[in-house]
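Visitor: Just dropping this structure here.
The values are calculated or read from the model by the stated rules, or taken from the named source; none is laboratory data. It should be emphasised that the depicted structure is a prediction, and the values quoted were computed from it without experimental measurement. Glycine gets a Cβ as well: all are built from the backbone with ideal geometry, and neighbour counts include every protein chain shown.
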Amino acid sequence: MLAPVFVAVFVGLGFWWGLPLTSATLLALLVTVSLGLPLRAQIGRAAARAKTGIPRRFWVYAGFAALYGICETVNGNWAQLDMADLGASTTEASLALTAFWAAVTAGRILFAAIQRRVPSPVTYHVLPFWLAGVFVLIALLPDDEPALGVLAFALAGLGCSALLPLTISFGQEELTAFAAAAAGGVIAFYQLGYGIAAFGVGPLEDAGVELSTVYGLAAIVAGAMGAWSFVVAGRRPSPASVHPLPGPVAR
């Protein structure tokens, strides 16, 4: 979440390599702390379940995750460039990206906290259409209004926030015999969508397509994701947890 801010700080101070150095230091600290923690994996049971094959319903979750990956990455990878095209400074563009990731994080906490009052399926159906509307707003942003851009990307982060955790939650609770592998499979297809948006927008720009048009196309993808959400969770109750642990450990 804070990486874009660190980029602006380090570039402003004249040593961009401060960010990878900070990342390496934090990663080394994380590994050091993790070495002392136990890893309890039920390998035998997971292997036995793997022999049953991939359930057909898994592909419904996989398709949703791929669409989500496209929508998230259009923001995560291209927000700063879009802000720059609108005349924002490097700091303002970094702030917009930070606002996006901050809203993603805050939204996940928020929707986990209010799921008793707002059922998770309702959140799951509403957020994609919210995101589609925000994409239209981003596509129409005026030049030289960086504050509006920061707000728009924050709203986009809120729209993205709970969708991936809920997809994993619904999948694990429905595909109980495949639960341990379901989360990993969903993440794999999310990464597929990530790759499509991360590497697909560049050739579009080279062909003369403006980023505002890309965000307009992303609104269509988000709308399709909203329709797909009814296939994923049209009749499902709220999951027991928005961030479940894999397989039998959650029980």
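Visitor: Wholly within region 63-170, which helices (runs of 4 or more DSSP H) include no fewer than the required count, namely at least 3 residues that are β-branched (Val, Ile, Thr) and either in contact with a helix residue (DSSP H, G or I) (Cβ under 8 Å, 6 or more places away or on another chain) or surrounded by 24 or more Cβ atoms within 10 Å (Cβ to Cβ) (or both)?
Guide: Details: elements: 90-113, 120-139, 146-160.
Helices (runs of 4 or more DSSP H) meeting the threshold: 90-113, 120-139.
Visitor: So, one more: Among (1) modelled with pLDDT under 80; (2) surrounded by 16 or more Cβ atoms within 10 Å (Cβ to Cβ); (3) over 26 Å from Pro128 (Cα atoms), where does Thr52 come up short?
Guide: (2)
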